[in-house]
Every structure is written in structure tokens, then in C-alpha cells.
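What follows is one structure encoded as C-alpha cells, with my remarks underneath.
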Amino acid sequence: MEISSITLRDATESDLPAILEIYNDIILTTTAVYSEEPHTLQMRLDWFNERKQAGFPVIVAEQAGVLVGFATYGKFRLWPCYRFTVEHSVYVHKNSRGQGISKILLQEIISLAKSAGMHALIAGIDSENDISLQLHLKFGFTQVALFKEVGFKFNRWLDLIFLEMILD
């Protein structure tokens with residue numbers, strides 16, 4: 001697949017069913033999201049509206065008119081002194097992984113965070129997700145924390161790695 005065949009744009013409410021499909025598959029089949037129950041369309045709508053009201057981006061990747069991935073960032077922590085630090089998420093449809101889509105989405109999220117005047121970008125990644133870890137390291141993120149056995153999913157303990165990129 002040619003990376004040039006991917007189009008990025010701001011997400012709209014009409015994208016939420018496709019975003020929900022991607023997200024729920026990830027919840028049910030991977031440890032990329034530390035959640036066990038599928039989300040509802042209303043949950044995704046609430047999430048989307050919260051992101052937009054806070055001024056945070058939600059972008060989608062399309063290939064031949066089909067939504068194949070999405071990315072966003074939001075508050076890292078709620079206290080005001082963290083206002084220049086955001087945590088991001090990048091998700092790709094199971095049938096479109098391994099084609100460079102996450103790289104395009106991550107590059108755009110970094111650019112948007114810089115343009116918004118953010119100072120630090122955080123990634124929370126399951127320690128077994130080597131593909132995501134390697135992608136972030138290639139972009140210049142550095143590992144800043146390893147939280148041992150902080151998640152429990154699929155009847156086993158999960159370790160969470162935090163990576164950080166200083167944007168300015």
C-alpha cells in the first residue's frame with residue numbers, strides 16, 4: 001500500500017460508528033486499551049464532544065473513502081499546571097495495520113500538539129506492544145516510566161510504559 005493514498009481530516013460525528021468499531025475491536029482483542037467492556041455509540045459521542053469542547057483534535061485516516069484509523073490527544077492530568085502536557089492515542093483498523101497508517105497519524109498528532117503550543121506529549125503503551133513502542137522511539141519519544149502490573153486484562157497482569165516527547 002502507498003502511504004500517499006491515505007487522507008487525514010478532522011473527525012465528524014458521522015465518523016463515530018467507524019471509530020467505535022475500531023476502538024471496540026481493540027478493547028476486545030488487544031491490550032492497547034486497558035478496558036474490558038465495549039463502548040457504546042453514546043460513550044463515543046460523549047468522548048467526541050468532550051474533546052471538541054476542550055479544543056483537542058480528533059483526526060481520522062481514510063483510504064479510498066473508508067475510515068482506517070483515528071488519533072487524538074487530551075489532558076494528561078486534570079490539575080491546571082499540567083495544561084501544556086497532553087496524552088495521545090492512535091488506533092488503526094485491524095485490516096489496515098502494518099501499512100504505515102499509525103506513522104502518518106502520529107506525525108500529524110505531534111504537529112497538531114506543537115501548533116497548539118503544547119510542551120510535552122505522553123504515550124501510555126502496554127509493555128508487550130513492541131510495534132507501538134518502536135514506532136514512538138523512532139519518532140524521538142523516550143521512555144520515562146515503567147509501571148509494573150498496573151492493569152489486569154485477559155486474566156493476566158499488564159505493565160504500562162510511559163514515553164514522552166518534549167515538543168519545544
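The values are calculated or read from the model by the stated rules, or taken from the named source; none is laboratory data. All of these numbers come straight from a predicted model, not from anything done at the bench. Here Cβ is always computed from backbone atoms with ideal geometry, including for glycine, and neighbour counts include all displayed protein chains. Accessible surface areas use protein heavy atoms only, side chains included; no ligands, DNA or RNA. Shrake-Rupley method; radii C 1.70, N 1.55, O 1.52, S 1.80 Å.
For the range 1-65, the solvent-accessible area works out to 55 Å² per residue, with a probe of 1.4 Å and every protein chain left in place. Among Leu133, Leu105, Leu41, the largest mean-square fluctuation in a Gaussian network model of the chain, built with springs joining Cα atoms closer than 10 Å, belongs to Leu41. Here the Kirkwood formula, the inverse mean of 1/r across different C-alpha pairs, assigns the chain a hydrodynamic radius of 16.4 Å. In terms of the mean number of neighbouring beta-carbon atoms within 10 Å, the peptides 25-34, 147-156 order highest first as 25-34, 147-156.
Dividing the Cα radius of gyration of the range 1-76 by its Kirkwood radius returns 0.97 for Rg/Rh. Where Rh is the Kirkwood radius over the Cα pairs of the range 35-96, the temperature 37 °C and the viscosity 0.692 mPa s, what D in µm²/s does Stokes-Einstein return? The Stokes-Einstein estimate is 247 µm²/s.
Largest first and in whole Å, the equivalent-ellipsoid semi-axes of the range 116-168 read 24, 12, 8, each the square root of five times a Cα gyration tensor eigenvalue. A 1.4 Å probe run over the protein chains yields, for the range 86-168, 53 Å² of accessible area per residue, whole-number rounding. Straight-line reach from Lys148: taking Cα to Cα under 15 Å and skipping same-chain neighbours fewer than 8 places apart, the aspartates and glutamates in range are Asp126, Glu128, Asp159.
Mean projected area of the convex hull spanned by the Cα atoms of the range 78-168, taken over all viewing directions: 6.8 nm².
The portion of the accessible surface of the chain made up by carbon and sulfur, rounded to a whole percent, is 52 (1.4 Å probe; DNA, RNA and ligands excluded).
Counting only Cβ charges, +1 for Lys and Arg and -1 for Asp and Glu, the dipole size of the range 15-91 around its Cα centre is about 440 debye. Couplings 3J(HN,Hα) for the range 32-44, derived from phi with the Karplus relation 6.51 cos²θ - 1.76 cosθ + 1.60 (θ = phi - 60°), are 5, 10, 7, 9, 10, 9, x, 8, 9, 4, 5, 4, 5 Hz, where x marks Gly and Pro. Only helices enter the 222 nm calculation for the chain: every DSSP H run of n ≥ 4 contributes -39,500 (n - 2.57), and dividing by all residues gives -9500 deg cm²/dmol, rounded to 500.
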